[in-house]
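Here's the structure, in C-alpha cells; my notes come after.
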C-alpha cells in the first residue's frame with residue numbers, strides 16, 4: 001500500500017516539478033574566444049565558441065542559466081510580443097492571421113483543436129452505428145466481426161498510420177488510383193495542408209471508433225427491454241425506439257467516450273510521424289518531441305515550457321469533469 | 001435482445017449487412033494489404049504503374065524467381081538487427097507486465113479491503129495519467145536521468161512504463177477485487193489464516209480473470225509504446241516500434257522501406273494473436289474501466 005503511494009508521488013509529482021524547474025532555465029550563452037586562424041594567405045583573428053569553457057559551465061550548472069518566465073513568452077511559445085506587433089502592423093485581418101499561423105505554438109494549437117473537434121463527434125457517431133449494427137447480427141458471426149472491428153485500435157498509432165500511409169502514398173494503391181481518377185500525376189497528400197489534415201482526421205476516426213464501439217456495445221447489453229417493448233406496443237418504429245429509448249439510456253456513456261477520446265486526441269502525436277506530416281500539421285506533443293529528439297542539442301527549457309502549457313490546457317479541460325466526479329463521490333459517501 | 005424488438009424488415013437487414021461489410025473492409029483491408037505486400041520486393045509494393053503488382057508480384061518474379069519472397073524479413077531481422085529490437089521488446093514487456101501485476105494485485109487487494117475510500121484518488125490518478133501526453137512526463141524524466149547517468153538503458157524505461165501504467169492497473173484490479181466477496185477471506189481468517197495466507201490460499205485461486213485482464217492491458221501498453229521507448233532508450237537499446245521508425249528516417253536507401261513494411265508485419269502478428277485469444281478479457285476490461293468508472 002505505502003510503496004504504491006510513494007511510487008505514485010515519485011512518478012507523477014516529480015516529473016511535473018522537474019519540467020517546471022527546467023522551464024525556467026535556458027541553455028548558457030556560448031562563451032566566445034578569439035582564435036587565430038592561419039592559412040597560406042596570412043593570419044586573421046576570428047571569434048569562435050570556447051568549447052572548454054562551455055563544457056565547464058554546463059558541468060557547473062547543468063540546467064543552464066536562469067531565465068524566469070521568459071521562455072514562455074518567446075517566439076516559440078506564447079509569443080505575446082510577436083502577436084502584438086502583428087496586430088498593430090497588419091491592416092487587414094487576413095494579414096494578422098498569417099502572422100498568427102506562422103507562430104509555432106498557435107499553429108499547433110489550431111491543428112490540435114481542429115483535430116479534436118472533428119475526430120471526437122465522428123468517433124461517437126460511427127462507434128454508435130457500428131455497435132447498433134453488430135448488436136443486430138446473429139450470435140455466430142459476432143465474435144469474428146468484433147475481432148476485426150477492434151484491430152485498428154490495438155495496433156500502435158505509429159504502425160496504424162504507416163499502414164494507411166503506404167496505401168495512400170503516391171505509389172500506393174489508393175494514392176495512385178486517385179491520381180488516375182483526377183488525371184493528375186502530381187496530386188499528392190503531402191502537397192497540400194488541407195489534404196494532410198483531412199488524412200490525419202480520417203486516420204483518427206479510423207483508429208478511435210473501435211473504442212467507442214466497444215463501450216457502446218457493452219452499454220447496449222444493459223438497455224432494459226421493458227421500455228422498448230412498451231414503445232413497440234405504443235406503435236413506435238425502429239428509429240423512434242432508438243431515438244427515445246436507447247439514446248437517452250446511453251447518454252452518460254457517450255459523455256464518457258467523448259471525454260476519453262478528447263484526451264486521446266489532444267495528445268495526437270504518432271500519426272504525424274507516421275504520415276510524415278510534420279511540415280503542415282504540428283501538435284503540442286510534436287513540438288516537445290521536436291525539441292528533444294536531437295541528443296546533441298536538446299532544448300530542455302523550450303520543451304518543458306510547452307509541456308507546462310499543455311498540462312495547463314488539459315487541466316482547464318478536465319476541471320469540470322473532476323469537480324463532477326468529486327461531487328458524485330461525495331454523494332455516495 | 002431476443003424479444004419483440006428483434007423483428008426487423010428485410011430492407012433493414014440488407015442495409016445493415018452492407019454497412020457491416022463495408023466497415024470490416026475498412027478496418028481490415030490495410031492490414032491484409034500490408035501483409036501481402038511484405039512478401040514482395042519494393043518495386044511491387046510501391047509501384048507507380050500498377051497496384052495489381054502487389055498481388056501478382058511482377059518484379060518479385062523477375063528479381064527472385066518466385067511469387068513470394070522472404071527477403072524483406074530476412075534483411076530487416078538480420079541486417080537491420082530487428083531481432084535485437086524484438087528481444088528488447090520481449091524483455092521490456094515481460095518485466096512491465098510482471099512488476100505492474102505484482103504491485104497491482106497486492107495494492108488493489110489491500111485498497112479494496114481497507115475501510116477508507118481510496119477509490120476516488122486512484123481514479124483521479126488514472127484519469128490524470130490518461131489525460132497527460134506521455135511526452136510531457138518523458139520530458140520531465142529526461143533531464144534527471146541524464147544527470148544520474150541512467151538514460152538509455154532498459155531498466156529505467158521499464159520503471160517509467162510501470163509507473164505510467166500503474167494507476168490504470170490499480171483501478172482495474174481494485175474494481176475487480178471489490179466484486180470478490182469479503183466473506184471469503186474473512187472465513188479464512190476465522191479459520192486461523194494470517195492476512196498473507198488468506199491472500200495466498202483464498203484470493204489467488206479466484207483472482208485470475210481480473211489479473212489476466214489487467215495483464216493484457218499492461219502488455220499492450222508496453223508492447224505498443226513509442227514515446228517513452230523512443231526518448232528514453234539509446235539507439236542500440238531501441239525496442240521494436242522506435243526501431244521501425246528509424247528505418248523510415250533513411251528511406252533513400254532502397255531496402256529500408258521494405259524493412260519497415262516487414263517489421264510492421266512482424267510486430268503486429270503476435271499482437272493480433274494475443275487479441276484473438278483474449279478478446280473477451282480485453283473487452284470486459286474496457287467496459288469495467290468505462291461503465292463502472
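General observations
For (1) under 22 Å from the mean Cα position of the chain (by Cα); (2) surrounded by 24 or more Cβ atoms within 10 Å (Cβ to Cβ); (3) not assigned by TED's automatic domain parsing to the domain that holds residue B:114, each residue gets a yes or a no:
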| residue | (1), (2), (3) |
| --- | --- |
| B:173 | yes, yes, no |
| B:190 | no, no, no |
| B:195 | no, no, no |
| B:198 | no, no, no |
| B:202 | no, no, no |
| B:212 | yes, no, no |
| B:219 | yes, no, no |
| B:237 | yes, no, no |
| B:241 | yes, yes, no |
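- Residues that are in a helix (DSSP H, G or I), crowded, with 22+ Cβ neighbours inside 10 Å and at the interface with another protein chain (Cβ under 7 Å from one of its Cβ atoms), drawn from region B:126-141: B:135, B:136, B:137, B:139, B:140, B:141
- Restricted to helices (runs of 4 or more DSSP H) entirely inside region A:136-254, those with at least 2 residues that are touching a helix residue (DSSP H, G or I) at 6+ places or on another chain (Cβ under 7 Å) and more than 10 Å from chain B (Cβ to nearest Cβ) are A:193-220.
- Subset of region A:274-288 that is within 12 Å of the chain's Cα centre (by Cα) and in contact (Cβ under 8 Å) with a residue 60 or more places away in the chain - its residue that is farthest from the other protein chains (Cβ to nearest Cβ): A:281
- Here residue B:263 does not fit the description of being crowded, with 20+ Cβ neighbours inside 10 Å, more than 10 Å from chain A (Cβ to nearest Cβ) and either modelled with pLDDT of 85 or more or outside any helix (DSSP H, G or I) (or both).
- Filter result for residue B:34 (at the interface with chain A (Cβ under 10 Å from one of its Cβ atoms), in a helix (DSSP H, G or I) and crowded, with 19+ Cβ neighbours inside 10 Å): yes
The values are calculated or read from the model by the stated rules, or taken from the named source; none is laboratory data. All figures in this text were calculated on a predicted structure; none of them were measured in a lab. As a convention, Cβ positions derive from the backbone with ideal geometry for all residues, glycine included, and neighbour counts pool all protein chains shown.
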